[in-house]
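These notes are about the structure you will find just below.
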Amino acid sequence: MTCLIIDDNPIARATLSQLASQVKDLNVSCEYFNAIDAYNHLQNQSVDLIFLDIEMPDMSGLELTRNIHNKGIIIIFTTSKTDYAIEAFELNVADYLVKPVTTARFLQAISKAREILESKKELMQIKPDEFIFLRDSNITRRIKFDDILYAEAMGDYVKFFTPAKVYAIHGTMKSAEEKLPSANFIRIHRSYIVALDKIDTLQDGGLVINGQFLPVAGAYRKLLNSRMNVF
């Protein structure tokens, strides 16, 4: 991981630099005594992590964080005060270290940063068109398109069926049809959208997916047969 140390106190910078030198995969690319110089650095250079003091002249650590929030940099606040903990939480920083920073607490923060970085790398390896986010019971979950068997309209909800679980999402079939890739899914009924590669058999009036019979409306039968390359 590459990191910056930003603190107007030279002793604090030296302490963090010494702690960082003990971590094999952590490389301090630069140190700054003010946030403005660091901001200018970040316009042309990328880093994974910033150790950031909060109370600094001209621009505070909180202001810098708000100005670089779209760069995806992991932030660890380092401060002598606990007054900013709520604001730090709202800015979704990785950790909040209170000075003087101990070795044990520093390593704990690094561990959190490393987990966040690994998670970001995993997401980058997944193409955006390979999954959908579903908000189920106030939790937003990432579901791969390949795991979805079919979707069913149920009043004001749409139920997404996977081999492991059923997700009930507040929404319409129209919105579900727009979000599911047409190359992989097809509407077969006003109440059903199915994954083409999950269809086991076609029958009179319907089809079977994972042992479940689903009706096929006459208006959709011709297109389904065409997409299934039925001879």
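Taken together, the values in this text are just the output of simple stated rules run on the coordinates, not laboratory data. Nothing here was measured: the structure is a model prediction, and the numbers come from that model. Cβ atoms come from the backbone with ideal geometry, glycine included; neighbour counts cover every protein chain shown.
Taken about its Cα centre, the stretch 2-125 carries a charge dipole of roughly 360 debye when the Cβ of each Lys and Arg holds +1 and the Cβ of each Asp and Glu holds -1. Think of the chain as a dipole: +1 on every Lys or Arg Cβ, -1 on every Asp or Glu Cβ, centred on the Cα centre; then among Ser226, Leu4, Gly155, Ser226 lies furthest on the positive end. Were the residues from Ser111 through Asp147 laid out at 0.36 nm apart, the gain over their Cα-Cα distance would be 9.8 nm. By DSSP, the beta bridges lying fully in the chain are antiparallel in about 65 percent of cases. In the list (1) -0.98; (2) -1.25; (3) -1.14, the label attached to log10 I(q)/I(0) by the Debye sum over Cα atoms at q = 0.16 Å⁻¹ as derived from the coordinates here is (1). A simple count of charges around Asp7, restricted to other residues whose Cβ falls under 13 Å of its Cβ and scoring Lys, Arg +1 and Asp, Glu -1, yields -3.
Applying 1/(1 + (r/R0)^6) with R0 = 41 Å to the Cβ-Cβ distance of Asp83 and His170 gives a FRET efficiency near 0.55. Placing R0 at 30 angstrom, the Cβ-Cβ distance between Asn184 and Asn40 gives a FRET efficiency of 0.10 after rounding to 0.05.
Under the shape rule built on the C-alpha gyration tensor, where the axes satisfy a ≥ b ≥ c, the stretch 72-124 is oblate, since a/c reaches at least 1.5 while a/b does not exceed b/c. Among the trypsin sites (Lys or Arg not before Pro) in the stretch 2-97, those placed in a DSSP loop whose Cβ has at most 13 other Cβ atoms within 10 Å are Lys24, Lys81. Against the main long axis of the alpha-carbon atoms of the chain, helix 218-227 sits at an angle near 70°. Placing +1 on the Cβ of every Lys and Arg and -1 on the Cβ of every Asp and Glu, with nothing else charged, gives the chain a dipole about its Cα centre of roughly 1000 debye. Rounded to the nearest 0.05, the FRET efficiency derived from the C-beta distance between Thr162 and Phe213 at R0 = 25 Å is 0.90.
For the stretch 2-125, what does the alpha-carbon gyration tensor say about shape, rounded, prolate or oblate, given a ≥ b ≥ c as the root eigenvalues, a/c under 1.5 as rounded, and a/b over b/c as prolate? Rounded, because the longest to shortest axis ratio a/c is under 1.5.
With 0.36 nm allotted per residue and the present C-alpha distance subtracted, the Val98-Met154 stretch has 15.1 nm of extension available.
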